[in-house]
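Below you'll find the structure, written out as structure tokens, and then a few comments.
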Amino acid sequence: MCEKILKTTRQIHDRIIQTLAEVKTFLENKTKATATLAASALCALSTLPEVSPLKFIMTGTTGGFILELMNHGLLAATIGGMADWFGVTALFRKPLGIGFHTEILRRNRGRIMEAIVEFVGTDLLSTKNIMETVKDENTAQLLIDYFEQNKGREKTKALVRDVLGELVSGLDTQGIAKGVAPILENEIRNLDAEKLFDAVIKVVTNDKHSRRILIALFDTGHKILRSPHMQEEILRKITELREAYEGDSAGRALVLSSMDLTDEKILSILNETVEKKISDAEKVLGTTGALVDSETATAADEMIKMFGGFVQSAAGNLNTKKFLNDLMKLFLQKFDTEGFIKTWLDVNIKGETDPKVLEKLQRQQAANPKVTRIVEVERKPVIWKEAVDYLVDAKIDEFIKDEALQEKFDKLIKEFIENLLEEYRGQIPKMIRERLDKFSDDELTEFVESHVADDLQMIRINGSVCGGLVGMFLFIVSQIIERIAQGG
């Protein structure tokens, strides 16, 4: 029961508070000011000694004095409230239709506008005042905070990448390729091919590189051996050899048959033997480090030396100069230098998809008519992205550590702002004037009144209060003077 009463009490309390808030909202300052003026006037009339019903209550000298004191105070409050109402209203419109020195805002719009423009545009927002505020800011530290606290580093890198991306997207790669291709071809023709060939042979026969080349060759050989086409060719050769071996001899055929050596069985044995040899060779070449046993190391060295000897022997049997010249001539005839440069720039600099990849997808689509669209290919990352990110990171780190650079940046930014303000200082008053000119007289009056109405209405209220206090004070003073005069 008590809980129910408490709950009901809280609800009543909340409702009262809500009602008071609504009443407070309704009774704006204008309503309060008007109510104050009306109350002062009514009370002034009701306290006139001749007609006031209070004279029957306030009798005698003291009662009459208090009644007259109240009447004078309320009359003064009414006069003060009326005067302030007239003054406040005269700022915006004609009170009681009186046009003499009223509608101050409308009549003096030009002067008021110019004063606002002059104050805001020339004084308040002058270059000197703005720079007085800006000079206290450390713009370099603001930039560092942005880099370190607001993911500014990543945003800066993204911005630089976007800007560079826009720049390179407009590159005329065809024109660049057309200009570079003759230079590249000329450089290839002037290349010392023999010297380059010797350098290549030297690299190839180097132990470290020979090991890698051999492993790659073995791996490639294993893949070729296991390819369906190669298996078919080997099987065909085995069949030819078997038939040639058997000839017209029934005994040879019987021996092979008794040993269950079919063509497929011979192919399987051959595959296993070759794969084991390749696997053993790869294992020998792939085993490195301090734990390699001497036998494995020796076997690897022998293979590497054998490979090096083979390469040197093959190179020695060639007419190197003629071979390289013929190769270079053939290369320049077949190689589309201009197309290669353009494609390389498009793919690696602009980030476009390789035309060969698109062509392959189109062929796949043609082979599969049910596929309604070509699968979108992920673009290859441009080669300059990582370099740009690294450079931006390096420059940001350098800026954070270098105080001299920070001071230089701070000075540069402030000089830039000051020069910008000086250059456009005439635009600020112009912008303010254009904005104010958009207001009609009624709109301007409503705009100003809506922003200062509450304060102006408080002037009316204060006028009534102050008027009442002054009225009572003057009545008391007049009574004192009158008593002194009568006593003299």
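The values are calculated or read from the model by the stated rules, or taken from the named source; none is laboratory data. Small disclaimer: the values here were computed from a predicted structure and weren't measured. Counting neighbours? That spans all protein chains shown, and the Cβs are built from the backbone with ideal geometry, glycine included.
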I want to confirm something. Restricting to segment 368-377 and keeping residues that are in contact with a helix residue (DSSP H, G or I) (Cβ under 6 Å, 6 or more places away or on another chain) and farther than 24 Å from residue 165 by Cα, which single residue is modelled with the highest pLDDT?
371
So the helices (runs of 4 or more DSSP H) completely within segment 101-183 holding 3 or more residues that are over 30 Å from residue 398 (Cα atoms) are 104-107, 109-117, 127-134
Could you tell me whether any residue of segment 189-208 is of a type in the set (Lys, Arg), over 38 Å from the mean Cα position of the chain (by Cα) and over 30 Å from residue 322 (Cβ atoms)?
yes
Looking at 77, 177, 90, which is the one that is within 30 Å of residue 387 (Cβ to Cβ) and surrounded by 13 or more Cβ atoms within 10 Å (Cβ to Cβ)?
177
Residue hits (segment 123-169; loosely packed, with under 15 Cβ neighbours inside 10 Å, among the hydroxyl-bearing types (Ser, Thr, Tyr) and farther than 28 Å from residue 351 by Cα) are 133, 146
